[in-house]
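The values are calculated or read from the model by the stated rules, or taken from the named source; none is laboratory data. Source: prediction; values computed, not measured. Here the Cβ positions follow ideal geometry from the backbone for every residue, glycine too, while neighbour counts run over all protein chains shown.
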Amino acid sequence: MKNELGRVINAIVLCLGCLGCLGPGLPAARAEVGVVVERASGSVQLVDNDTRAALARITGLGDLSHASLVYSKDARHVFVFGRDGGLSKIDLLARKTVKRTLQAGNSIGGAISRDGRLVAVANYEPGGVKIFDAETLEQLAEIPSTYGSEGKRSKVVGIADASGSRFVFSLFDADEIWVADLSEPRAPRVRKFRNIGRQPYDALITQDGRHYIAGLFGEDGLALLDMNNLDGGVRRILGGYGQGEEKLPVYKMPHLRGWAMAGDLAFLPAIGRHEVLVVDRRDWRAVATIPVHGQPVFVMARPDGRQVWVNYAFPLNDTVEVIDVAALKLVKSLKPGKTVLHMEFTAPGDEVWISARDDNKLVVYDTKSFARLAEFPADSPSGIFFAWRARIMGL
Amino acid sequence: MDRQYISRLNSTYAVASFRLAWLCAAAVCSAPLHCAEAGIAPPALERRAALTGMVRQDCGSCHGMTLKGGLGPALTPAALTDRPAESLVVTILSGRPGTAMPPWRNFLSADEAAWIVDQLQRGVLDEK
């Protein structure tokens, strides 16, 4: 009898042991998994936002200042785009880098095609876009961003994935938007839109894939391309959006990729001014201006669209503010830590993770009560990327 | 274009001793003794650390954390070697109209900007 009990206990222990063995490998493909960029040390941390656990650190990824990443469609892999031109493919299950290539001298970001087969990287030096096989990281094509008559190459910004194996991106020095069709990955067909406005510095594609919008540093307004009607060309919207008559110094370029779309409203970071602009997406008319703490960098909507969270440029970057979408006004101001660089909502939006670079930590807030739920050590953290992004166009 | 811009700035900032002080500071600030002779105090140790952090992180958001360039140009010794220190100091303090370079004078003194230029030209700050 005693022996039998012992055997049962042994069996239970064995089973638990097995679960324990499997456990660490399982969460990687879930929406609750996330990757945090540690910009100064060239590493990323793999985290689980459900159990709030740090799962692993992956090092040796080069210069990750201004690094971004995209997920494979099954969220098993991430592709990390380093500033130094490094492109790394990380297996989240195996928790290690499985492929890595130094594909350029200076790089700004990338995108993955809708079907997940192609990864595109936007480069400053040498200027252009390179296309890689997502499986092998073999280079399939290069699109030099050559413009004008002297053969100069522009810095490429604001790359996004569009429907039908297309990538769309902007040429900072050339004032152009290009749409590259990669139906035949080794033979890209590029359609160029010229004179779209001076110095496009970043861009986004709306989550429905319909509109590609580039911010212009050199003049007021935004450049809008309807991806369903390329023949209609690029048109200028929001002529009043920008630095205006009295240009204010901009200490950090706003990031457009995080633009908040809440229902029919879009919330945009003003350039230089301490404002968030609210725009009606149906006719791109400005409907409100919300005064805020500093120059906005990221303006991000909670997944349910009822709140918009904003962080700020140097030197006011210790603060995060929350806008109530229904009331169109600020409802909360938070001080998560020194030098807040990024915010990321969990898939249901009940929590937000915030990186405080100079405090070397991540801070987790409840988005309803604004209670501080947890903190994690991280080495100069910047971008936080949760796996729900795998399903979203343009992220 | 560059020359016009600089000459305009020179007329704006035509206080001779001011310019001389910058020049001296930028040229010889590597040795504290020389700085003292030039009448410019190098920033205190703590402030140097703060300035170094600012260059890498905040200047770095456009020029790259390793200063090899981003939307803004590279700030490596090779990129800066032919640029007069004086005009670089003016650029830091006053920004460059028509570009994304903002003025930093609300956050830095002239001496501190001169110290940064000297460090950049000697490649001290771009080491990780």
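With the requirement that a residue be surrounded by fewer than 21 Cβ atoms within 10 Å (Cβ to Cβ) and modelled with pLDDT of 90 or more, what does the range A:20-49 give you?
A:Ser41, A:Ser43, A:Leu46, A:Asp48 - these are the residues of the range A:20-49 that are surrounded by fewer than 21 Cβ atoms within 10 Å (Cβ to Cβ) and modelled with pLDDT of 90 or more.
So which pairs qualify, if the first residue must be in the range A:105-119 and acidic (Asp, Glu), the second must be not in a strand (DSSP E or B), the Cβ gap must be under 8 Å, and the two must be at least 6 apart or on different chains?
What qualifies is A:Asp115/A:Lys73; A:Asp115/A:Ser165.
Identify the residue in the range B:47-73 that is more than 7 Å from chain A (Cβ to nearest Cβ) and of a type in the set (D, E, K, R) and, among all such residues, is surrounded by the fewest Cβ atoms within 10 Å (Cβ to Cβ).
Here the answer is B:Arg47.
Can A:Gly337 be described as within 17 Å of A:Val37 (Cβ to Cβ), within 14 Å of chain B (Cβ to nearest Cβ) and touching a residue at least 24 places away in the same chain (Cβ under 8 Å)? Steps first, answer last, please.
Values: within 17 Å of A:Val37 (Cβ to Cβ): yes; within 14 Å of chain B (Cβ to nearest Cβ): no; touching a residue at least 24 places away in the same chain (Cβ under 8 Å): yes.
Here the answer is no, as A:Gly337 does not meet what is asked.
If you check A:Val121, A:Val129, A:Val157, which single one turns out to be within 14 Å of chain B (Cβ to nearest Cβ), of a type in the set (Val, Ile, Thr) and in contact with a strand residue (DSSP E or B) (Cβ under 8 Å, 6 or more places away or on another chain)? Walk me through how you get there before you give the answer.
Working: A:Val121 fails: within 14 Å of chain B (Cβ to nearest Cβ); A:Val129 fails: within 14 Å of chain B (Cβ to nearest Cβ).
Exactly one of A:Val121, A:Val129, A:Val157 is within 14 Å of chain B (Cβ to nearest Cβ), of a type in the set (Val, Ile, Thr) and in contact with a strand residue (DSSP E or B) (Cβ under 8 Å, 6 or more places away or on another chain), namely A:Val157.
Identify, please: which residue in the range A:301-323 is within 16 Å of A:Leu277 (Cβ to Cβ) and away from every other protein chain (no Cβ under 14 Å) and is, among those, surrounded by the fewest Cβ atoms within 10 Å (Cβ to Cβ)?
Checked the range A:301-323; the qualifying residue surrounded by the fewest Cβ atoms within 10 Å (Cβ to Cβ) is A:Glu321.
Please work out if A:Ala260 is surrounded by fewer than 20 Cβ atoms within 10 Å (Cβ to Cβ) and more than 14 Å from every other protein chain (Cβ to nearest Cβ).
Details: surrounded by fewer than 20 Cβ atoms within 10 Å (Cβ to Cβ): no; more than 14 Å from every other protein chain (Cβ to nearest Cβ): yes.
When the stated conditions are applied, A:Ala260 does not pass them.
Suppose we filter the range A:203-233 for residues that are buried (at least 19 other Cβ atoms within 10 Å of the Cβ) and β-branched (Val, Ile, Thr); how many remain?
Count: 2.
Hey, B:Ser30 hits all of (1) at pLDDT below 90; (2) more than 14 Å from chain A (Cβ to nearest Cβ); (3) over 14 Å from the mean Cα position of the chain (by Cα) but one; which does it fall short on?
Checking B:Ser30 against (1) at pLDDT below 90; (2) more than 14 Å from chain A (Cβ to nearest Cβ); (3) over 14 Å from the mean Cα position of the chain (by Cα), the one that fails is (3).
Can you name every residue in the range B:97-128 that is part of a loop (DSSP other than H, G, I, E, B) and more than 11 Å from chain A (Cβ to nearest Cβ)? Walk me through it before giving the result.
Quick first cut of the range B:97-128, residues part of a loop (DSSP other than H, G, I, E, B) only: B:97-109, B:122-128.
Of everything in the range B:97-128, those that are part of a loop (DSSP other than H, G, I, E, B) and more than 11 Å from chain A (Cβ to nearest Cβ) turn out to be B:Leu108, B:Ser109, B:Arg122, B:Gly123, B:Val124, B:Leu125, B:Asp126, B:Glu127.
Can you pull out every residue in the range A:219-235 that is without any contact (Cβ under 8 Å) to a residue 24 or more places away in the chain and in a loop (DSSP other than H, G, I, E, B)?
Taking the range A:219-235 and keeping what is without any contact (Cβ under 8 Å) to a residue 24 or more places away in the chain, we get A:219, A:226, A:228-229, A:231-232, A:235.
Answer for the range A:219-235, where residues must be without any contact (Cβ under 8 Å) to a residue 24 or more places away in the chain and in a loop (DSSP other than H, G, I, E, B): A:Glu219, A:Asn228, A:Asn229.
Scan the range A:124-164 for residues that are of a type in the set (S, T, N, Q) and either outside any loop (DSSP other than H, G, I, E, B) or at pLDDT 95 or above (or both) and jot them down. Don't jump to the end; show me each part of the working.
Our first condition is that a residue be of a type in the set (S, T, N, Q); within the range A:124-164, this holds for A:136, A:139, A:145-146, A:149, A:154, A:163.
Answer for the range A:124-164, where residues must be of a type in the set (S, T, N, Q) and either outside any loop (DSSP other than H, G, I, E, B) or at pLDDT 95 or above (or both): A:Thr136, A:Gln139, A:Ser145, A:Thr146, A:Ser154.
When the range A:92-115 is examined, which residues are found to be in a strand (DSSP E or B) and more than 14 Å from every other protein chain (Cβ to nearest Cβ)? Give the derivation first.
First pass over the range A:92-115, keeping only residues in a strand (DSSP E or B): A:96-102, A:106-112.
Result: A:Lys96, A:Thr97, A:Val98, A:Lys99, A:Arg100, A:Thr101, A:Gly110, A:Ala111, A:Ile112.
Can you find a residue that is touching a residue at least 60 places away in the same chain (Cβ under 8 Å), buried (at least 24 other Cβ atoms within 10 Å of the Cβ) and either within 14 Å of chain B (Cβ to nearest Cβ) or β-branched (Val, Ile, Thr) (or both) anywhere in the range A:77-89? It would help to see each step written out before you state the result.
Of the residues in the range A:77-89, the ones touching a residue at least 60 places away in the same chain (Cβ under 8 Å) are A:78.
Next, only the ones that are buried (at least 24 other Cβ atoms within 10 Å of the Cβ) stay: A:78.
Those left that are additionally either within 14 Å of chain B (Cβ to nearest Cβ) or β-branched (Val, Ile, Thr) (or both): A:78.
Yes.
Does the range A:297-320 contain at least one residue that is farther than 27 Å from A:Ile392 by Cα and without any contact (Cβ under 8 Å) to a residue 12 or more places away in the chain? Talk me through it step by step, then tell me what you get.
Our first condition is that a residue be farther than 27 Å from A:Ile392 by Cα; within the range A:297-320, this holds for A:314-319.
Checking which are without any contact (Cβ under 8 Å) to a residue 12 or more places away in the chain leaves us with none.
Checked against the condition, which is being farther than 27 Å from A:Ile392 by Cα and without any contact (Cβ under 8 Å) to a residue 12 or more places away in the chain, the range A:297-320 yields no hits at all.
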